[in-house]
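Structure first, then comments.
The values are calculated or read from the model by the stated rules, or taken from the named source; none is laboratory data. Keep in mind the model is a prediction, meaning the values are calculated, not measured. FYI the Cβ positions are ideal-geometry reconstructions off the backbone, even for glycines, and counts take in every protein chain you see. Remember, those area values only see protein heavy atoms, side chains included, never the ligands or the DNA or RNA. Shrake-Rupley method; radii C 1.70, N 1.55, O 1.52, S 1.80 Å.
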Amino acid sequence: MRLLFGLMTAGMVAFSAPASAQETINLTVASSHPTVIPWIGMIKSHFMARTDEILAESGNYKIEWNEAFGGQLYKANATLSSVEEGITDIGWVFSFLEAAKLPLSQASSYAPFSTANPPVQLDVMSELLETNDAFRNEWEQYNLKVLGLTSTDMYDIYTKTPLSSIDDIDGMKLSAPGVLGTWLRGTGANAVDGALTTFYTDIQTGVSDGVLSLALGALPTKIYEVAPYINRFDAGVAFSGAVAINRDSWDALPQEVQNAMIAAGKYYTEAHGKDLVDRHEFALNKMVELGAEQDTPVQIIEMPQEQRQAWVNKLPDLAGEWATELEAQGQPAKAFLSAYMDGLRQRGETPIRDWDK
């Protein structure tokens, strides 16, 4: 456990310290991804900053943050275990790459094109975290406490050559993060597992011909430089993980600090959802602007609704297969999928495909 309560002014002895003396708490916060990735940067600008603001109101506690963003402590394939084992106190857990350990968390990944509204999806997932025991226990069994949730903006296909329809990806090698490779099943494309930290090199070196990615990740990682054709399908958004704290670190915190972090986590989640909406179009346009002078200028190719439908129609029963497999392992996947889809519909969303039916 890395949590260290630290320390009063030098020379001050415990029995003589005034009751109002501020206590400093040392916490490490880390991530596999760099802070140029919006939801990572917002851990600092929103979660950490809001926690500090709340604690400053009473002045009883101050957190000394030890920052280790951008893979300083661990890579994308170790985000869960690193928080679980206390390598960091707080970190972003990338659920896409933890399908075996966080199976219910993959529900949205097996139900693509269900919503293109990140705030709505985050609201649904937050509610499920509070009300669905199986979902909450899925996270808490790994010695952690969830503080904030993350989603994605809409997914598109970035390629070296332009697409005229979804049929054109037949035979292509496309990089995709973890379980999102399932979105390519039935299309004839071959999924190459990876993450935002590897996509550029994979395309540059020919490991893949393009990538299934999101604008807010593609912009800071400059994917448009090696895959200048942004084939815009608006494939929907997916639940991607959580900001979590090691349970031992959490249990050692004073109640006031815990309350501040819970409030800051909700603030982070809401702000992150709004940011995904506000910056999606900006990110797409910015890539066109930045890539205008490349040998192959960046171009957005708008795919009509019929092509989104054609993509969905090519997919097998992803959600049904996923749920059936998990049910055989004793997981309440069908009920969870229904709760997720119902939550979207109750909030006014109209999935292109009713994966739970």
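A compact table of results
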item	result
Failed criterion for Asn77 (all others in (1) at pLDDT below 95; (2) open to solvent by less than 40 Å² (accessible area, probe 1.4 Å) hold)	(2)
Residue list for segment 54-74, restricted to those being part of a helix (DSSP H, G or I) and either in contact (Cβ under 8 Å) with a residue 40 or more places away in the chain or open to solvent by less than 40 Å² (accessible area, probe 1.4 Å) (or both)	Ile54, Leu55, Ser58
Verdict on Thr198 being among the hydroxyl-bearing types (Ser, Thr, Tyr), surrounded by fewer than 16 Cβ atoms within 10 Å (Cβ to Cβ), at negative phi and outside any strand (DSSP E or B)	no
Count of residues meeting criterion [aromatic (Phe, Trp, Tyr) and part of a loop (DSSP other than H, G, I, E, B)] in segment 92-124	1
Residue list for segment 320-357, filter: closer than 18 Å to Ser105 by Cβ, in contact with a Lys or Arg (Cβ under 7 Å, 6 or more places away or on another chain) and of a type in the set (A, V, I, L, M, F, W, C)	Ala323
Single residue of Thr150, Thr161 found to be β-branched (Val, Ile, Thr), open to solvent by 50 Å² or more (accessible area, probe 1.4 Å) and in contact (Cβ under 8 Å) with a residue 60 or more places away in the chain	Thr161
Hits in segment 134-167 - residues which are over 21 Å from the mean Cα position of the chain (by Cα) and farther than 24 Å from Leu196 by Cβ	Ser164, Ser165, Asp167
Selection from segment 321-332 of residues that are crowded, with 17+ Cβ neighbours inside 10 Å and within 12 Å of Trp355 (Cα to Cα)	Trp322, Ala323
